[in-house]
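Read the structure below first, then the notes.
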Ligand SMILES: O=C(O)CCC(=O)C(=O)O
């Protein structure tokens, strides 16, 4: 399967990603991939993994759901991860010598669901640590800007360590509990309540577009759907050169520490193994 654009990432895209922490690439994922992933999402929703969560159900029964790390069970996901263009795109954006796949995350909302994901950063929840990370928010349906994921431009370079949202409070699931209040972290800024003070960016997006962001970026939103609009997002997360395994005492979400231990990964290790495969290596280094 091919991509729509021949040049996946331009020098401008690389500069924007480094400076702003997010870049929205238009029409880099071909329609064959989108069609195949939509089929994957349908079978995933019919047969959710043990990691699936209901984030929100309103009085009209409109829902927001999440699942993750399902790529090994769903052939369409697996093929996209291992053969699709994201590994090269993210490797080039990060300027990395090689890229390992971390995990997939699936976000679905039924038509009209209003639930907005609270502003947060991803990397402080992860079982790894590093700056060279990419998360890719890839809608499989058209998304109006008012329903797309929003980003606080440049926040990936802020040095403050914030208390993060406890998503476990939303799901009520004890496996998701993360307590970021017990150490020296400062309260998370009230971005929603003071939007004009922050440089918030988002885009109208079509299938084939992907918003790629550093996992330290503050991001949230993506609810607020019109009554006739649903949302299906396939997100993949990618790790570059400086990332190392890190288990966090305060908790992790998703918590990979157990599976990492089971494949022999320990804190301080470079990421690897079949669970976190190296999918792309810079061609000029591939011979070495
Ligand atoms: O789409 C959403 O509601 C949340 C997305 C998100 O937080 C992410 O991709 O990291």
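At a glance:
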| item | result |
| --- | --- |
| Residue in the range 34-49 that is within 16 Å of the ligand (Cβ to nearest atom), closer than 22 Å to residue 176 by Cβ, at pLDDT below 95 and not in a strand (DSSP E or B) present | no |
| Hits in the range 176-190 (condition: buried (at least 17 other Cβ atoms within 10 Å of the Cβ) and outside any loop (DSSP other than H, G, I, E, B)) | 176 |
| Boolean, residue 76 is under 20 Å from residue 141 (Cα atoms), in contact (Cβ under 8 Å) with a residue 12 or more places away in the chain and away from the ligand (no atom under 16 Å from the Cβ) | yes |
| Enumeration of residues in the range 221-231 that are closer than 16 Å to residue 67 by Cβ, near the ligand (Cβ under 10 Å from one of its atoms) and either in a strand (DSSP E or B) or at pLDDT 95 or above (or both) | 231 |
| Any hit, the range 166-175, residues being in contact (Cβ under 8 Å) with a residue 24 or more places away in the chain and over 23 Å from residue 70 (Cβ atoms) | no |
| Residue identified as out of contact with any strand residue (DSSP E or B) (no Cβ under 8 Å at 6 or more places or on another chain), more than 18 Å from residue 209 (Cα to Cα) and in contact (Cβ under 8 Å) with a residue 60 or more places away in the chain among 111, 118 | 111 |
| Out of 161, 145, 153, sole residue that is farther than 25 Å from residue 248 by Cα and in contact with a helix residue (DSSP H, G or I) (Cβ under 8 Å, 6 or more places away or on another chain) | 153 |
| Any hit, the range 251-259, residues being assigned to a strand (DSSP E or B) and either without any contact (Cβ under 8 Å) to a residue 24 or more places away in the chain or buried (at least 20 other Cβ atoms within 10 Å of the Cβ) (or both) | no |
| Tally of residues being under 14 Å from the mean Cα position of the chain (by Cα) and surrounded by fewer than 23 Cβ atoms within 10 Å (Cβ to Cβ) across the range 72-93 | 1 |
| In the range 69-89, the residues that are over 28 Å from residue 168 (Cα atoms) and assigned to a loop (DSSP other than H, G, I, E, B) | 84, 85 |
| All positions within the range 50-68 that are part of a loop (DSSP other than H, G, I, E, B) and under 15 Å from residue 108 (Cα atoms) | 51, 52, 58, 61, 62 |
| Residue that is nearest to the ligand (Cβ to nearest atom), among those in the range 199-215 that are assigned to a loop (DSSP other than H, G, I, E, B) and surrounded by 19 or more Cβ atoms within 10 Å (Cβ to Cβ) | 215 |
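The values are calculated or read from the model by the stated rules, or taken from the named source; none is laboratory data. This structure is a prediction, so every number in the text was calculated from the model and none was measured. Methodologically, a virtual Cβ is constructed for each residue, glycine included, from the backbone with ideal geometry; neighbour enumeration extends over all protein chains shown.
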